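Below is one structure, written out as structure tokens; the observations come after it.
Since every read-out is calculated from the coordinates, none of them should be taken as a lab result. None of the values given here were measured: they were computed from a predicted structure. Please note: Cβ atoms are built from the backbone with ideal geometry, for glycine as well, and neighbour counts cover all protein chains shown.
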Amino acid sequence: MRLTHIAAGLCIAAGAVQTQAATISVEITNATHSIHFTPILAVAHTEANHLFRLGEEASDGLQMMAEGGSLDGLLTLADSIGADTVANPAEGLLAPGAMTTIASWDTGDADRLSIVAMLLPTNDGFVGLDSWQIPSEPGTYTLTLNGYDAGTEANDELIVDGSGAPGTPGIPANPSGNSGTMGTGVTSEESNTTVHIHRGNVGDTMVEGGASDLDSRVHRWLNPVAKVTITVH
């Protein structure tokens, strides 16, 4: 199948421009070195709806997911718009290099696909796919996904127990380990309060003190952070 690049990190089959109800399979791979994905949410919906939009303020549901990994708010949103959802296909965290699969998913009348999950350890970073048009032509389509900043919390890079609640500063967990303690904070404010491309963790190399609790040799990451392969049956 001939592929045509139409945007950075996105390929679709040439000529596949119409959409209709489809059965799809979705493979999601964590492409990072040492960042975990919290439980993933995949949503099939119509063109008029979005889980997030670049350059716009995050919804309460997106903030809950991006700061603490909770899918509750976004599931409520998806239910309110009549979307079809697959929540937590990996049955927990998706580790670096690991893959999870959604098999034979009947998307019904939906013609768009969105995917989100929090990136750990970050303050409010998430991997995201926004309203991708599901092709009607059978075939395999490969995308790479960026990491986004929800713009709802300063990226202080401090590990704080219980900080997953919206509005509570700090990183709630570090599944990959190798974190430090007693950091002073990389920053206490963010000038961009809309959803935007994440700058990645800054980190430092100090076990105690320094600006960050994250290790720049372990937790530093750049885009893209995920690979998604979608098969339209």
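Data for the structure
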{"item": "Matching residues in region 103-129 - criterion: being in contact with a Ser or Thr (Cβ under 7 Å, 6 or more places away or on another chain), buried (at least 18 other Cβ atoms within 10 Å of the Cβ) and either part of a strand (DSSP E or B) or among the basic types (Lys, Arg) (or both)", "result": "TRP105, ARG112, SER114, ALA117, MET118, LEU120, LEU129"}
{"item": "Residue check, PRO96 surrounded by fewer than 17 Cβ atoms within 10 Å (Cβ to Cβ), more than 17 Å from LEU71 (Cα to Cα), out of contact with any Gly (no Cβ under 9 Å at 6 or more places or on another chain) and of a type outside the set (Ser, Thr, Tyr)", "result": "no"}
{"item": "Residue list for region 33-71, filter: buried (at least 24 other Cβ atoms within 10 Å of the Cβ) and among the polar types (S, T, N, Q)", "result": "THR38"}
{"item": "Cβ pairs under 8 Å, 6+ apart, first in region 186-202 and in contact (Cβ under 8 Å) with a residue 12 or more places away in the chain and aromatic (Phe, Trp, Tyr), second part of a strand (DSSP E or B) and surrounded by fewer than 14 Cβ atoms within 10 Å (Cβ to Cβ)", "result": "none"}
{"item": "Residues being surrounded by 19 or more Cβ atoms within 10 Å (Cβ to Cβ) and without any contact (Cβ under 8 Å) to a residue 12 or more places away in the chain - total across region 145-162", "result": "0"}
